[in-house]
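Data first, discussion second: the structure below is written as structure tokens.
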Amino acid sequence: MTPSTEEFIEMFGDINLTLGMLNKEDIVNKEDIYSHLTSVIQNTDILDDAIVQQLIYYASKDMRDNNMLREIRMLAGEVLVSLAAHDFNSVMYEVQSNFRILELPNEFVVLALAELATSYVSQSIPFMMMTLLTMQTMLRLAEDERMKGTFCIALEKFSKAIYKYVNHWRDFPYPRLDANRLSDKIFMLFRYIMEKWAPSASPMQTLSIIKAHGPTVSLLLHREDFCGYALGQVPWLLSQYKDKEIDFHVTQSLKQILTAAVLYDIGLPRSLRRSIFINLLQQICRAPEPPVKENEMEASSCFLILAHSNPGELMEFFDEQIRSNNEAIRMGILTLLRSAISAEEPRLRDHIISIERTVKIVMGDLNTKVRNSVLLLIQTMCEKSYIEAREGWPLIDYVFSQSATLNRNLEKPVKTNFHENEKEEESVRETSLEVLKTLDPLVIGMPQVLWPRILTFVVPAEYTEALEPLFSIIRILIMAEEKKKHSAKESTALVISTGAVKLPSPQQLLARLLVISMPASLGELRGAGAIGLLKILPEIIHPKLVDLWKIRLPELLQPLEGKNISTVLWETMLLQLLKESLWKIDDVAWTIQLTRDFKQQMGSYSNTSIEKKFLWKALGTTLASCQDSDFVSSQIKEFLTAPNQLGDQRQGITSILGYCAENHLDIVLKVLKTFQNQEKFFMNRCKSLFSGKKSLTKTDVMVIYGAVALHAPKKQLLSRLNQDIISQVLFLHGQCSQVLGMSVMNKDMDLQMSFTRSIAEIGIAVQDAEDQGFQFSYKEMLIGYMLDFIRGEPLDSLASPVRWKALIAIRYLSKLKPQLSLQDHLNILEENTRRLLPLPPLENLKSEGQTDKDKEHIQFLYERSMDALGKLLKTMMWDNVNAEDCQEMFNLLRMWLVSQKEWERERAFQITAKVLTNDIVAPENFKIGSLLGLLAPHSCDTLPTIRQAAASSTIGLFYIKGIHLEVERLQGLQEGLESDDVQVQIKISSKIAKIVSKFIPNEEILMFLEEMLDGLESLNPTCTKACGIWMITVLKEQGAALEDQLLEILSTIYHHMPVLRQKEESFQFMLEAISQIASFHMETVVDNLLQKPLPFDRDTKTLWKALAEKPASSGKLLQALIDKLETELEDDIARVEAISVACAMYEVISIGTSVTGLYSELFTLLLKLVSCTLGQKMPTSSWSRRRHVMQQGEQQQIPDPCRLSTATLRCLQAQAMREGLAKESDEGDNLWTLLSSPSTHHIGVCSLARSMAVWQHGVILDIMEQLLSSLTSSSENYRITGTAFFSELMKEPILWKHGNLRDVLILMDQSAWDSNATLRQMAIRGLGNTASGAPHKVKKHKQLMLESIIRGLYHLARTEVVCESLKALKKILNLLTDRDVSFYFKEIVLQTRTFFEDEQDDVRLTAIFLFEDLASLTGRRWKIFFAEEIKKSLISFLLHLWDPNPKIGVACRDVLMVCIPFLGLQELYGVLDHLLDQDLPRVRDFYRQFCVKLAKKNQEILWILHTHSFTFFTSSWEVIRSAAVKLTDAIILNLTSQYVELLDREQLITRLQALRRDPCISVQRAAEAALQTLLRRCKETSIPL
């Protein structure tokens, strides 16, 4: 790829930098520099000429510099050669200029020339003559060994270049040169080296000569005149085979020479060829040590060349050498032959017979390596059609014989070295089988070699391992022949023309192929091959079978396509084929011969193989098809008297006689009876058997009877059963159970097993007879025997199969008539479960086994026993048509399903899974709800087996109800339960629950939930979680349809609450279940919970909170409670039900349930409830009757309805504040105390109203709308509540703007005249607050409002009404003019003055404020009147300057400031200003200053003050009494003499003297001072006392 401009710049900059570094003398970095330059030059297409010249100069200089390191010189030479790609002539010129005649050159110059010759052949050839001439003058000068080696390298590479030119000169771009001149020079150089250097060469130099030898001789062979000399040098080359280090190079040169000889068609002398054969064979067959791989490959290549040039002579040499017993030579020759045949050398095919004979020579060799080599060679010969019809069969026979060498099914003589050679023999067998598998029987000539002799390997047992490829070969041959039948010319005439070969008979072939077909059910290919072969051999077996097998065999093969088949089913199909075939043949003699052939094969299979078991049954089936009764009878007798010929005598004779009885029941029973009568029984069954025979035992005969019954024709069986079969079995069992004529408890396991097996088979036979009228009279007796056997088994071990077999027998017996009762069924099942399920864990049982085989056997027994128990329970349950009986039987497993021992649970669930499979039909009214609740949670149990079984059982429950689920999806989920991850288990169980929950019958949900709640109480944590998930899932799916069962469900849940509370997670699931139910039936759940007694207990409170915790249902819950409360309060009367609702609301709201959407309704209803419960007591009937343990001194607290209601309202407000719907009350926590007390309720309501968030317009307006009815309620309390609430809202302008407060105002005005003082107070407050909220309304309705408020001033019995009226007037008057109030002014003033001395601070203060405000409304009309009223009120203002309430003192100061101008006493401002000082003046001083000023201005007013002061001498406030006396003192002091004379001195003195005894010292002192002042003034004025 051409570099870009930028790359050029970068590259040339790099090279220029490198050139600069080369110019330096520093040689340290030159190695790296030249390595880098080599890479750059080789990867660059274009280099600048100047750079090339500089590089040539530096590289040549460093290459020739002897002071340089050798590595640097070599790299410099590589750079120089690389530069030739850019400027060859310059490089060649540079090198040639240092390669001069008669001068010994630098070795790297020579190496550079040699490299140029091979790298650039086309450009170098024109310079080659000059180079060779110069080199010729230099050889004599070379004395150094390294230099000689360098010249040899140059000769090697020059020869290769010239050799290439000689053979490809047409490809060169210039006219042909005289190559002979070049070869002349090469010849001269080579001859000199061979004559002068070779004889005395060192090993290193010899290696160089060897490397040059092959190229040079190859070049010289193209010249006839040099050919003789060149071949004469080959022996020298062969003589160099001494050291394996150089042998490869010798072989490589020899290969070059042989290749050139073939190229130039030069015949090697015979002696030379033989020498080459011998030397090359030695290279391949080195005995002491293996050859070097590369050398061996080169030698093999040489032999291939020789096989091309001299195949005949080579085969003669191989034949001669292979006759030696040398393993290495034989293996080498065989390998060479295999390579030559694989190379498909055409000339070698003419010597096929020679090759076959050569192979036959070593076929007797027992060496495993040689045998493997022979097999591989035969394989190659077969592949390449090197098998000849006449001589080829022994080779095929040899392959088969080797496959039978290590046949494990045969008895082998014991050899001392057998184990040592076993691996080697195994390799031979594997190789032979591989040869057979790859054998193509259709290769040219192969059919004639194989057919029909290939059939001889089918029957002998020793070829069993080879049957798979053998069947394939036979099938291919026959099928190919079938295709060729249409063309007579192409037919290979596959006929059975035996010649000297003894072929198997048709019966032998059928017997062998049928038996070998049996393993096809296990997926073994030879079994499928056998049945496939039968399909194409019907004519050979028997002509009559062609049509039958054409139909039956495809049907037989169909189940085998792509999968294994049940062994039992496959066996049945094969036996049926045999029956039909024998019936079709209908030849007694043919059948008899087949029987004999089956018998002959008895020794070919092991007793435990499925082939042997099938063979017995096939023999019995053949006898059953035989029409010769005498032959059948004789065969049965023979088997009974000499059963050892069958191998396993019991299994063999049982199978044969059983299957024979299918058509010959009478014969079999007759021969058995005769056999028993003829044989005398010994007393001791353990020692003996039948007299004089070490063969059949009595237990064997018992088993035979069972098999005969099982296979007997059903129509004949029942008539012969009791007398000829059952009675005989019981008789034999009885005899075996006796010792010296006495019955004993028999523990012989074989006897028990034989008896059990016989009884089970008889039970099956009777059941299959399907005679509904047949009553099996032995049923209860036989079941009793079986139960006795089971009871006799230990409960801590599982060493025998008695339990298993007895359970099977009971299962079949239980199906027979007469029918057992339910109690009998229950007894049988309970007995068996108690004998199996409590066994120790399987691992403990297995630990009793001594060997691995023992442990496997125990596990086998365990699995079979559990399976049998499951099938027994399944049979007894589902054969019953009564659903309740089925439930009763299933309940036997219940205690085991929830066992604390996981191994017991595992067994119970595995049995349950078998019982609840989907192939059963349950009674129509069978209920699954309870079972589902029991089983489903265990899909998350501790063991994967339990989880799988639980899931299977759960799914099975729906199938038995005829409900079809998503099978594939459920199976996938079930497989996932293998995971040990608990979260995965829970997730999968939840998915299963979602799938199946919708199919649970609605009427069974209650039973399901009861089981789930029980599970929540008792199961392990994971199963508990699964319980909860299933329960919730089912309720989600079916909750809407549970209305009819709802109360029962809730009652059930409540019943479990006390226990579930102890388990937190279970309790939460229970709460969630109630929440789920409530999501569908909120009203019903609410009604049900509200029936709980008050106060709510902890569980009830928890339930309310749980219902509220669900965001989706909390709104519905609150709405339901609101509706309920609204209904209860319709008549404004609070009953206990309403209190219950409030308590429920408290629990719901207390957990933070949002109230945003329902706040207004909640607030108004709860406020109404608080109002309606004021002062109420809880009815006795509503009080909880739960027992409560009282502590010593403790009194039972009866709940206060109002307090409960208030608590709920408080909770609501707290939540409302969190949601921004309300604000903190100005009363704080005291609000709720005020609210719940009848006396302060209205105050609390007002405070509550002030806490409303007025910015929440919509909420407040809703509350107002709903509370409007309270103003007209029949309940006085509720009217007070509503009025108090609205009274506070009246001051909010925004509510007047958006709300309908005009109607409220009218109602308020009406309530202001109510007889209830509190109601009047709140109404008046509302009217007063209207001044703040709607000033325009005040002006509009001033008359109405003023009349109502002034009316309140006359309610002297309730000062709070008066106070509220005063406050309201103050607010309203601020909005009105003097003209607006003119009509009411005098009344207001007069009424206001009456409250200046009221005991209530608030009243006094408000009255003073109001009086101050009235000053601005006097107008002209009332100015004089008001001035007079001021004079009357002045004493109060002056005295109350020192009121105990500081606010009143300030108010009096302010009102004095306002009122003084009315009296024309502006001079008093200076005195009043002292009251503004930080330090207030002393009372006495203030009054004296005031009176001094007043006396100067108006003695009349001073006298009025005096006349009004007496009233205050008896004031309840000490400070007022003291002030009154001090003021009197000041007045007396400043009265004129005229007024002093007017004093009622006697009365005054009396009063003052009385005050001298006042409890207050201050009053006493003031009185004393006043008295002295009085006396002094009287004295001054000469007034007598």
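When Asp547, Asp586 are checked against the criterion of being out of contact with any Leu (no Cβ under 9 Å at 6 or more places or on another chain), on the phi > 0 side of the Ramachandran plot and open to solvent by 40 Å² or more (accessible area, probe 1.4 Å), a single residue qualifies: Asp586. Considering Glu1147, Glu1161, Glu1137, the condition of being in contact with a Leu (Cβ under 8 Å, 6 or more places away or on another chain) and assigned to a helix (DSSP H, G or I) is satisfied by Glu1137 alone.
Taking every residue in segment 951-978 that is closer than 17 Å to Glu906 by Cβ and pairing it with any residue that is open to solvent by 30 Å² or more (accessible area, probe 1.4 Å) and of a type in the set (Gly, Ala, Ser), at least 6 positions away or on another chain, the pairs with Cβ-Cβ distances below 7 Å are Gln974/Ser952.
Among the residues making up segment 997-1025, those that are closer than 21 Å to Ile963 by Cβ, among the aliphatic types (A, V, I, L, M) and in a helix (DSSP H, G or I) are Ile1005, Leu1006, Met1007, Leu1009, Met1012.
Mind counting the residues in segment 137-172 that are under 14 Å from Glu103 (Cα atoms), open to solvent by 60 Å² or more (accessible area, probe 1.4 Å) and part of a helix (DSSP H, G or I)? The total comes to 2. What's the number of the only condition in (1) charged (D, E, K, R); (2) in a helix (DSSP H, G or I); (3) open to solvent by 10 Å² or more (accessible area, probe 1.4 Å) that Lys1092 fails to meet? Exception for Lys1092: condition (2).
Within segment 1333-1360, the set of residues being in a helix (DSSP H, G or I), farther than 21 Å from Tyr1278 by Cα, touching a helix residue (DSSP H, G or I) at 6+ places or on another chain (Cβ under 7 Å) and open to solvent by 10 Å² or more (accessible area, probe 1.4 Å) comprises Lys1337, Lys1342, Leu1344, Thr1359.
For segment 495-529, the candidate set comprises residues that are among the hydroxyl-bearing types (Ser, Thr, Tyr) and modelled with pLDDT of 80 or more; within that set, the residue that is farthest from Leu560 (Cα to Cα) is Ser505.
For the criterion of being over 20 Å from Trp1296 (Cα atoms), of a type outside the set (Asp, Glu), open to solvent by less than 40 Å² (accessible area, probe 1.4 Å) and touching an Asp or Glu at 6+ places or on another chain (Cβ under 8 Å), Ser1247 fails. Residues in segment 241-288 that are open to solvent by 40 Å² or more (accessible area, probe 1.4 Å), assigned to a loop (DSSP other than H, G, I, E, B) and either closer than 18 Å to Ser300 by Cα or among the acidic types (Asp, Glu) (or both): Asp243, Asp265, Arg286, Ala287. Exactly one residue out of Asp630, Asp597 is open to solvent by 10 Å² or more (accessible area, probe 1.4 Å) and either in a helix (DSSP H, G or I) or among the aliphatic types (A, V, I, L, M) (or both): that is Asp630. For segment 1102-1134, the candidate set comprises residues that are outside any helix (DSSP H, G or I) and acidic (Asp, Glu); within that set, the residue that is most open to solvent (accessible area, probe 1.4 Å) is Glu1130. For segment 766-802: of the residues being open to solvent by 80 Å² or more (accessible area, probe 1.4 Å) and among the aliphatic types (A, V, I, L, M), which is modelled with the lowest pLDDT? So, considering only residues that are open to solvent by 80 Å² or more (accessible area, probe 1.4 Å) and among the aliphatic types (A, V, I, L, M), the one modelled with the lowest pLDDT is Leu795. Within segment 553-571, the set of residues being assigned to a helix (DSSP H, G or I) and open to solvent by less than 80 Å² (accessible area, probe 1.4 Å) comprises Leu553, Pro554, Leu556, Leu557, Pro559, Leu560, Thr567, Trp570, Glu571.
With respect to (1) open to solvent by 10 Å² or more (accessible area, probe 1.4 Å); (2) within 60 Å of the chain's Cα centre (by Cα), the lone exception for Trp1313 is condition (2). Here's a check for you: in segment 1505-1523, which residue that is closer than 23 Å to Lys1579 by Cα and crowded, with 17+ Cβ neighbours inside 10 Å is farthest from the chain's Cα centre (by Cα)? Per the criteria, the residue is His1506.
Is it the case that Ala883 is open to solvent by less than 10 Å² (accessible area, probe 1.4 Å) and modelled with pLDDT under 85? For Ala883, the condition - open to solvent by less than 10 Å² (accessible area, probe 1.4 Å) and modelled with pLDDT under 85 - is met. In the set (1) within 23 Å of Tyr192 (Cα to Cα); (2) open to solvent by 30 Å² or more (accessible area, probe 1.4 Å); (3) modelled with pLDDT under 80, Leu237 fails one condition alone, (2).
The residue that is farthest from His249 (Cα to Cα), counting only those in segment 301-327 that are open to solvent by 30 Å² or more (accessible area, probe 1.4 Å) and of a type in the set (Gly, Ala, Ser), is Ser324. Take Asp1087 and decide whether it is more than 20 Å from Arg1210 (Cα to Cα), among the acidic types (Asp, Glu) and touching a Ser or Thr at 6+ places or on another chain (Cβ under 6 Å). Here the answer is no, as Asp1087 does not meet what is asked. Residue selection: Ile986 satisfies the criterion of being among the β-branched types (Val, Ile, Thr), modelled with pLDDT of 85 or more, assigned to a helix (DSSP H, G or I) and open to solvent by 10 Å² or more (accessible area, probe 1.4 Å). Filtering segment 923-942 to residues that are of a type in the set (Ser, Thr, Tyr) and open to solvent by 10 Å² or more (accessible area, probe 1.4 Å) leaves Ser930, Thr942. Annotation note: Cβ proximity below 8 Å between a residue of segment 546-562 that is of a type in the set (D, E, K, R) and a residue that is part of a helix (DSSP H, G or I) and surrounded by 11 or more Cβ atoms within 10 Å (Cβ to Cβ) (sequence gap 6+ or interchain) occurs for Lys550/Pro538; Arg552/Leu577; Arg552/Glu580. Within segment 432-454, does at least one residue satisfy the condition of being over 30 Å from Glu344 (Cα atoms), open to solvent by less than 40 Å² (accessible area, probe 1.4 Å) and at pLDDT below 75? No, segment 432-454 has no match at all. Looking at (1) farther than 22 Å from Met1082 by Cβ; (2) surrounded by fewer than 20 Cβ atoms within 10 Å (Cβ to Cβ); (3) modelled with pLDDT of 85 or more, which one does Ile992 not meet, given that it meets all the others? So the condition that Ile992 fails would be (2).
The values are calculated or read from the model by the stated rules, or taken from the named source; none is laboratory data. Since the structure is predicted, the reported quantities are computational estimates derived from the model, not experimental observations. Positions of Cβ are generated from backbone atoms using ideal geometry, with glycine treated the same way; all protein chains shown enter the neighbour counts. The accessibility values were calculated without ligands, DNA or RNA, using every heavy atom of the protein model including side chains. Shrake-Rupley method; radii C 1.70, N 1.55, O 1.52, S 1.80 Å.
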